[in-house]
Amino acid sequence: MTPGHIQAAFEQACRAELEALKPGNVHIHAAGHGMSVEDFIISARVAAPHMAMPGAGVGMRIETAMDATFAAVGKNTNLGILLLCAPLAVAAEQAGSPDDLRAALHEVLAALTRADAAAAFRAIVLASPAGLGAAPQHDVRAVPDVTLLQAMSEAAARDRIAWQYAHDFADVFAIGLPALQRHGAPWNAAGAYLAFLAAFPDSHIARKHSLAVAEAARAAARPLAASFAATTSPEPLKPELAALDAAFKRQNLNPGTSADLTVASLFAKALGSL
């Protein structure tokens, strides 16, 4: 797949996610968390060429895209997105056809290096995501002595983005992509987001608040996720989406990991259709 196709798919995925009413997260339908939708649009635009950089490894794409993001908006708007989309972008470049994306992704993850880890660690330190603390092993502030896959595998039990690296992005392919097939845009992105939120406690909420709070958010989302999955016409569910959105934002709950996985799923879908 050409760099132009990969760049277009990345921007398309980021914009599609912002157009979905995602309870507790940033979107065009309601303000929240003091963050601007425009910052996310700018971030997608400046990061896209780095995601599609020909021949670049996963770590370089993550680091240079994060550098570009900070230069443009001065804040972390997309760390999780970059961590998830960089391996998919490299896989798309290397795949013989869109049908080969998942197999190519497995090879990309297996080939990750210490240099990839060092670059990704620098991006994480720059982004300084909420709840980032010191880790007993493979701390991002230290020079890595393991590959990026090994570091992510060690963190997989506490971080669902890291879990994707250790499990060949199983959530994207088993939860995200099927959910995206059920409805047309923008409802498909909202449905995928709810499916992720209902499937496991959101890592961003758990890191910022606690696992118990993340589990409570998961329980609150489950009935709506089930309703979404059961209907072919989700428009009547919009008031419930808006109500849950307001409730989460009153509690300062932002299911950011579920949103990042939604972008990754939209990206994988777009890569498969270009």
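The values are calculated or read from the model by the stated rules, or taken from the named source; none is laboratory data. These figures come from a predicted structure and were not determined experimentally. Note that we place each Cβ from the backbone using ideal geometry, even for glycine, and neighbour counts take in every protein chain shown.
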Working carefully through the options ALA119, ALA115, find the one that is within 20 Å of the chain's Cα centre (by Cα) and modelled with pLDDT of 95 or more. ALA119
Quick one: which residue in ALA68, ALA111 is free of Cβ contacts under 8 Å to residues at least 24 places away in the same chain, touching a Pro at 6+ places or on another chain (Cβ under 9 Å) and aliphatic (A, V, I, L, M)? ALA68
Give just the number: which of (1) without any contact (Cβ under 8 Å) to a residue 40 or more places away in the chain; (2) more than 25 Å from ALA119 (Cβ to Cβ) does MET35 not satisfy? (1)
Would you pick out the residues in segment 187-213 that are touching a helix residue (DSSP H, G or I) at 6+ places or on another chain (Cβ under 8 Å) and more than 17 Å from ALA162 (Cα to Cα)? TRP187, ASN188, ALA189, ALA190, GLY191, ALA192, TYR193, LEU194, ALA195, ALA198, VAL213
Across segment 97-112, which residue is modelled with the highest pLDDT among those that are farther than 13 Å from PRO87 by Cα and acidic (Asp, Glu)? ASP100
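Quick one: how many residues across segment 129-153 are part of a loop (DSSP other than H, G, I, E, B) and at pLDDT 70 or above?
At the first step, the residues of segment 129-153 found to be part of a loop (DSSP other than H, G, I, E, B) are 129-147.
Next, from what is left, pick out any that are at pLDDT 70 or above: 129, 140, 142-147.
Total meeting the criteria: 8.
Do we find that ALA247 is of a type in the set (Gly, Ala, Ser), surrounded by fewer than 14 Cβ atoms within 10 Å (Cβ to Cβ) and farther than 11 Å from LEU194 by Cβ in this structure? Steps first, answer last, please.
Numbers: of a type in the set (Gly, Ala, Ser): yes; surrounded by fewer than 14 Cβ atoms within 10 Å (Cβ to Cβ): no; farther than 11 Å from LEU194 by Cβ: yes.
No: the conditions fail for ALA247.
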Restrict the check to segment 175-186 and report whether at least one residue is among the basic types (Lys, Arg) and either at pLDDT 95 or above or closer than 24 Å to ALA13 by Cα (or both). yes
